[in-house]
Amino acid sequence: MAKTTAWEKVQLARQLERPKALDYINNLFDEFIELHGDRNFADDKSIVGGIATLDGKPVTVIGEQKGKNAKENLERNFGMPNPEGYRKALRLMKQAEKFNRPIITFIDTPGAYPGLGAEERGQGEAIARNIMEMSQLEVPIICIVIGEGSSGGALAIGVGDKIVMLENSIYSILSPEGFASILYKDSSKAKEAAEDMKATAEDLKKFGIIDDIIKEPKDGVQNDFDKVIKEIKKYLIKNIDELEKIPKKKLAEQRYQKFRNM
Amino acid sequence: MVIDKVKKVNEAEKSNVRNEKAADMMIGKWVKCDACKEIIYKEELHANLSVCPNCGKHFRLSARRRIKQIADEGTFKEIGKDILTTDPLEFKGYMKKVEGLREKTKIDEAVKCGTCEIEGEKAVLGVMDGNFLMGSMGKAVGERITLAIETAIKKKLPLIMFCVSGGARMQEGIISLMQMAKTSSAIANLNKAGLLYISVLTDPTTGGVTASFASLGDIILAEPKALIGFAGPRVIEQTIKQKLPEGFQRSEFLLEHGFIDKIVERKDMKETIAELIRLHTK
């Protein structure tokens, strides 16, 4: 069987029918209560979050939510958060720390929204603050890239003790189109860029950026979603259990060192 | 007057005059202010801190000139100079480009950090340089800045960062993205140590630098009319399919929207920073 190329992975990661954050949330956890709003400006629907139970244990979950059709994508802004989305995520993460709940994030975004309002409300500041605060939280954090993890918009919910990628997801500094447009002055060279960027799970594992890769069925997650869910659930339970054994201060210090060495 | 100067320059270029005065008029010694279109004698511009004497436009500064303007003479001691560019993606032509730039600009990376004194106050100073790959942040830049932050923590000194950047460095891919996490986490440690961090945003500060340490200062200053934002104006225009309003993403716009503390002209920058440091040491 021929190896899936980076560009093919980009296509798989972006498939409309590929499961989105809420599909994972609804299937991994026994219970999920969604919580809304950043207490400041709005409720950003491109980021969902709330409290769930993992095998009976309360956890805080946050996910970048894309749509599965045009209507849903309009509602979810194609999974491109505005500052209030990141601020909602931070609020929920701080809440998790207060109540000593582990945090699980699902990354799936083409990037933070590059809009007028986003700039007016401090997109850069919102992302910077999330990254900084996440590095200090004294609860375990596991981040899973489920589709497209692109730029600071992904990293804003991506500073964790364990960073995991699904086999056909990608995690990169920018979309291949954006990368091609900047470095090759031609956005149609996205295919070439996808290879050059080295953004597949395998590449990131080699760089030491991610900890683990979760296998996918042939042609993508949706072809045997139950199996992938079982795999992730097992992974979460095992790793949260291990991370919770580490004293809180040491956990944050260890997380600092993890990123310090990148 | 502008036309006269241009004429003079053109004449000097055309004729083969050998006297000193005429040679001085050679085009390389003059710059045109792209704000007011005034032709300025370079030395006059530099004597005026690289601010247009006619309209007050703040020209972009090299790290070398910036350090000269901010640090007391002879006090700057560079740290992290041996941290150099790496090529994790083995990206075609990248190292060659870097080496060419080093040769041409005599700069070895897009940031220079060190300890220094500012009006006698000890500090750690980091200055980015837009002449090196648009001040973009790759691993060497992230390392140097993190080392500077850690030095500030170790020596209990305030940290001053002058930012100018096109964002994360594309040629180093995901490694560049992770420098945002590295530098921001280090700032969190600086905060825990109770130390002052002043971030100064200069033209332009965008992308991954805006979305990390640049936006995390206890006090955030900016030079007048600097372009500051996360997404670049061209990307936003393509997204919203409209022209952006005049002054969008400029320092004055950020001040109005509550994202910076103060706009400081270059002539007042050193004094302002020194005074802020003093207010935190009393």
Inset, instruction - Return a whole-number percent for the relative contact order of the stretch A:115-194, with Cα pairs under 8 Å and 6 or more residues apart as the contact set. - result: 24
Legend entry - Viscosity 0.692 mPa s, 37 °C: Kirkwood-radius Stokes-Einstein D of the stretch B:136-282 over Cα pairs, µm²/s: 207
Legend entry - More than 14 angstrom apart: percent of Cα pairs within the stretch A:196-262: 71
Inset, instruction - Output the direction-averaged projected area (hull surface divided by four) of the convex hull of the alpha-carbon atoms of the stretch A:15-137, in nm². - result: 7.5
Legend entry - Using θ = phi - 60° and Karplus 6.51 cos²θ - 1.76 cosθ + 1.60, couplings along the stretch A:171-182 (whole Hz; Gly, Pro as x): 9, 8, 6, 6, 5, x, 5, x, 4, 5, 5, 7
Legend entry - Accessible area buried, both sides summed, chains B and A with 1.4 Å probe, Å²: 3800
Legend entry - Solvent-free Debye scattering, log10 I(q)/I(0), computed from the Cα coordinates of the stretch A:70-117 at q = 0.26 Å⁻¹: -1.00
Inset, instruction - Return the residues of the stretch A:169-205 for which accessible area with all protein chains present is lower than in the chain on its own by 50 Å² or more; set the probe to 1.4 Å and exclude ligands, DNA and RNA. - result: A:I173, A:L183
Legend entry - Other-chain or far-sequence residues with amide H under 5 Å of B:Y197's (modelled H): B:L159, B:D218, B:I219
Legend entry - Per-residue ³J(HN,Hα) for the stretch A:102-110, Karplus 6.51 cos²θ - 1.76 cosθ + 1.60, θ = phi - 60°, Hz, x for Gly and Pro: x, 10, 10, 10, 10, 9, 6, 8, x
Legend entry - Debye log10 I(q)/I(0) at q = 0.21 Å⁻¹ for the stretch A:2-68, Cα point scatterers: -0.89
Inset, instruction - Find the relative contact order for chain A and round it to a whole percent, using C-alpha pairs within less than 8 Å whose residues are 6+ positions apart. - result: 18
Inset, instruction - Over the protein assembly as shown, with every protein chain in place, what whole percent of the accessible area is carbon and sulfur at 1.4 Å, could you tell me? - result: 51
Legend entry - Cα-based convex hull volume of the stretch A:100-151 per residue, rounded to whole Å³: 85
Legend entry - 1.4 Å probe accessible area per residue over the protein assembly as shown, in Å²: 44
Inset, instruction - Report P(r) for chain A: all Cα-Cα distances, bin width 10 Å, range 0 to the bin holding the largest distance, values in whole percent. - result: 7, 32, 39, 19, 3, 0
Inset, instruction - Report the Cys residues of the protein assembly as shown lacking a disulfide-compatible partner, meaning no second Cys Cβ under 4.7 Å from their Cβ. - result: A:C143, B:C113, B:C116, B:C163
Legend entry - Angstrom value of the Kirkwood radius, inverse mean 1/r, which spans all Cα pairs in the protein assembly as shown: 24.4
Inset, instruction - Among the lysines, select those whose C-alpha is under 19 Å from the C-alpha of A:K71, and discard any that sit fewer than 8 residues away in the same chain. - result: A:K20, A:K45
Inset, instruction - Could you pull the Cα extents of chain B along its three principal axes, largest to smallest, in whole Å? - result: 63, 49, 42
Legend entry - Derived scalar couplings ³J(HN,Hα) [the stretch B:262-279; Karplus, 6.51 cos²θ - 1.76 cosθ + 1.60; whole Hz; x for Gly, Pro]: 6, 9, 10, 6, 4, 5, 9, 5, 4, 4, 4, 5, 4, 5, 4, 4, 4, 5
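The values are calculated or read from the model by the stated rules, or taken from the named source; none is laboratory data. Computed from a predicted structure; not experimentally measured. As a convention, Cβ positions derive from the backbone with ideal geometry for all residues, glycine included, and neighbour counts pool all protein chains shown. For accessibility, only protein heavy atoms count, side chains too; no ligands or nucleic acids. Shrake-Rupley method; radii C 1.70, N 1.55, O 1.52, S 1.80 Å.
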